[in-house]
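Encoded as C-alpha coordinates, the structure appears first; notes follow it.
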(Lines give C-alpha, C1' and ligand atoms only; values in the text may rest on other atoms or scores of the structure.)
Protein backbone atom coordinates (compact mmCIF):
# COMPACT_ATOMS: atom_id res chain seq x y z
CA UNK A 1 0.00 0.00 0.00
CA UNK A 2 1.24 3.53 -0.70
CA UNK A 3 2.20 5.69 2.27
CA UNK A 4 -0.23 8.55 2.87
CA UNK A 5 1.86 10.35 5.46
CA UNK A 6 4.57 12.94 4.92
CA UNK A 7 7.88 11.12 4.60
CA UNK A 8 9.96 13.39 2.36
CA UNK A 9 9.33 16.53 4.35
CA UNK A 10 12.57 18.53 4.36
CA UNK A 11 13.99 20.59 1.51
CA UNK A 12 17.59 20.80 0.41
CA UNK A 13 19.46 24.02 1.19
CA UNK A 14 17.66 26.70 -0.78
CA UNK A 15 19.90 29.67 -1.60
CA UNK A 16 18.51 33.13 -0.94
CA UNK A 17 18.66 35.53 -3.87
CA UNK A 18 18.27 38.51 -1.56
CA UNK A 19 21.11 37.44 0.79
CA UNK A 20 24.32 36.35 -0.93
CA UNK A 21 25.61 33.12 0.67
CA UNK A 22 22.38 32.89 2.69
CA UNK A 23 20.19 29.78 2.64
CA UNK A 24 17.19 28.17 4.32
CA UNK A 25 16.04 24.60 4.74
CA UNK A 26 12.28 24.31 5.18
CA UNK A 27 9.93 21.46 5.92
CA UNK A 28 6.53 20.46 4.62
CA UNK A 29 3.46 20.73 6.85
CA UNK A 30 1.33 17.75 7.69
CA UNK A 31 -2.35 17.92 6.74
CA UNK A 32 -3.21 18.52 10.40
CA UNK A 33 -0.82 21.46 10.59
CA UNK A 34 -2.27 22.85 7.38
CA UNK A 35 -5.80 22.62 8.79
CA UNK A 36 -4.74 24.29 12.06
CA UNK A 37 -2.90 27.01 10.13
CA UNK A 38 -5.96 27.63 7.94
CA UNK A 39 -8.14 27.89 11.03
CA UNK A 40 -5.80 30.57 12.40
CA UNK A 41 -5.77 32.44 9.10
CA UNK A 42 -9.01 34.32 9.52
CA UNK A 43 -11.26 35.25 12.35
CA UNK A 44 -14.81 36.11 11.39
CA UNK A 45 -16.97 38.04 13.81
CA UNK A 46 -20.64 38.40 13.00
CA UNK A 47 -23.57 39.64 14.98
CA UNK A 48 -26.78 41.59 14.96
CA UNK A 49 -27.73 44.69 16.88
CA UNK A 50 -30.00 44.06 19.84
CA UNK A 51 -32.42 46.80 18.81
CA UNK A 52 -30.80 49.85 20.43
CA UNK A 53 -31.88 53.45 19.78
CA UNK A 54 -32.07 54.39 16.15
CA UNK A 55 -31.18 50.95 14.92
CA UNK A 56 -33.36 48.26 13.49
CA UNK A 57 -33.45 44.85 15.13
CA UNK A 58 -32.30 43.55 11.74
CA UNK A 59 -28.99 45.50 11.83
CA UNK A 60 -26.04 43.31 10.99
CA UNK A 61 -22.41 43.68 11.98
CA UNK A 62 -19.51 41.73 10.54
CA UNK A 63 -15.75 41.79 10.60
CA UNK A 64 -13.05 39.65 9.04
CA UNK A 65 -9.61 39.75 10.63
CA UNK A 66 -6.92 38.24 8.45
CA UNK A 67 -4.06 37.02 10.63
CA UNK A 68 -1.19 37.39 8.14
CA UNK A 69 1.41 38.43 10.72
CA UNK A 70 0.55 35.58 13.08
CA UNK A 71 0.73 33.09 10.21
CA UNK A 72 4.08 34.36 8.97
CA UNK A 73 5.53 34.18 12.48
CA UNK A 74 4.17 30.62 12.88
CA UNK A 75 5.65 29.63 9.51
CA UNK A 76 9.12 30.93 10.38
CA UNK A 77 9.06 29.35 13.86
CA UNK A 78 7.76 25.96 12.75
CA UNK A 79 8.71 25.41 9.12
CA UNK A 80 12.27 26.76 8.84
CA UNK A 81 14.45 23.84 9.88
CA UNK A 82 17.83 25.50 9.35
CA UNK A 83 19.27 28.76 8.04
CA UNK A 84 22.39 30.88 8.23
CA UNK A 85 20.81 34.34 8.56
CA UNK A 86 22.57 36.57 11.08
CA UNK A 87 22.09 39.96 12.68
CA UNK A 88 24.63 42.80 12.39
CA UNK A 89 26.74 41.34 15.24
CA UNK A 90 27.07 37.91 13.59
CA UNK A 91 24.54 36.18 15.87
CA UNK A 92 22.42 33.58 14.08
CA UNK A 93 18.81 34.71 14.16
CA UNK A 94 16.33 32.53 16.04
CA UNK A 95 13.17 32.31 13.94
CA UNK A 96 11.25 31.02 16.97
CA UNK A 97 11.84 34.48 18.45
CA UNK A 98 9.27 36.97 17.10
CA UNK A 99 11.68 39.90 17.42
CA UNK A 100 14.33 38.12 15.34
CA UNK A 101 11.84 37.53 12.54
CA UNK A 102 10.60 41.12 12.69
CA UNK A 103 14.08 42.63 12.28
CA UNK A 104 14.70 40.77 9.01
CA UNK A 105 15.19 42.90 5.93
CA UNK A 106 11.80 43.11 4.22
CA UNK A 107 13.02 41.53 0.97
CA UNK A 108 14.76 38.64 2.75
CA UNK A 109 11.71 37.97 4.92
CA UNK A 110 9.42 37.99 1.88
CA UNK A 111 11.71 35.63 -0.01
CA UNK A 112 11.85 33.15 2.89
CA UNK A 113 8.06 33.36 3.20
CA UNK A 114 7.71 32.62 -0.51
CA UNK A 115 10.07 29.64 -0.23
CA UNK A 116 7.95 28.26 2.62
CA UNK A 117 4.77 28.77 0.57
CA UNK A 118 6.26 27.22 -2.57
CA UNK A 119 7.58 24.16 -0.72
CA UNK A 120 4.19 23.64 0.94
CA UNK A 121 2.11 24.11 -2.20
CA UNK A 122 -0.23 21.29 -3.18
CA UNK A 123 1.29 20.82 -6.60
CA UNK A 124 2.27 17.28 -7.49
CA UNK A 125 5.84 17.77 -8.61
CA UNK A 126 8.55 15.23 -7.83
CA UNK A 127 9.77 17.56 -5.07
CA UNK A 128 6.37 17.45 -3.34
CA UNK A 129 5.70 13.71 -3.72
CA UNK A 130 6.51 11.34 -0.88
CA UNK A 131 9.51 9.07 -1.30
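The table that follows gives values for the structure above.
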{"item": "The lone exception for residue 96 - which of (1) touching a helix residue (DSSP H, G or I) at 6+ places or on another chain (Cβ under 6 Å); (2) modelled with pLDDT under 85 it fails", "result": "(2)"}
{"item": "Where a residue in the stretch 1-15 is at negative phi and surrounded by 12 or more Cβ atoms within 10 Å (Cβ to Cβ) and its partner, wherever it lies, is assigned to a loop (DSSP other than H, G, I, E, B) and at pLDDT 75 or above, with Cβ under 6 Å and at least six apart", "result": "6/28; 6/30; 9/28"}
{"item": "Residue in the stretch 42-49 that is out of contact with any helix residue (DSSP H, G or I) (no Cβ under 9 Å at 6 or more places or on another chain), surrounded by 13 or more Cβ atoms within 10 Å (Cβ to Cβ) and at pLDDT 70 or above present", "result": "no"}
{"item": "Identity of the residue in the stretch 83-101, touching a residue at least 12 places away in the same chain (Cβ under 8 Å) and in a helix (DSSP H, G or I), that ends up nearest to residue 16 (Cα to Cα)", "result": "101"}
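The values are calculated or read from the model by the stated rules, or taken from the named source; none is laboratory data. Values in this document were obtained by computation on a predicted structure and should not be read as measured data. Note that each Cβ is placed from the backbone with ideal geometry, even for glycine, and that neighbours are counted across all protein chains shown.
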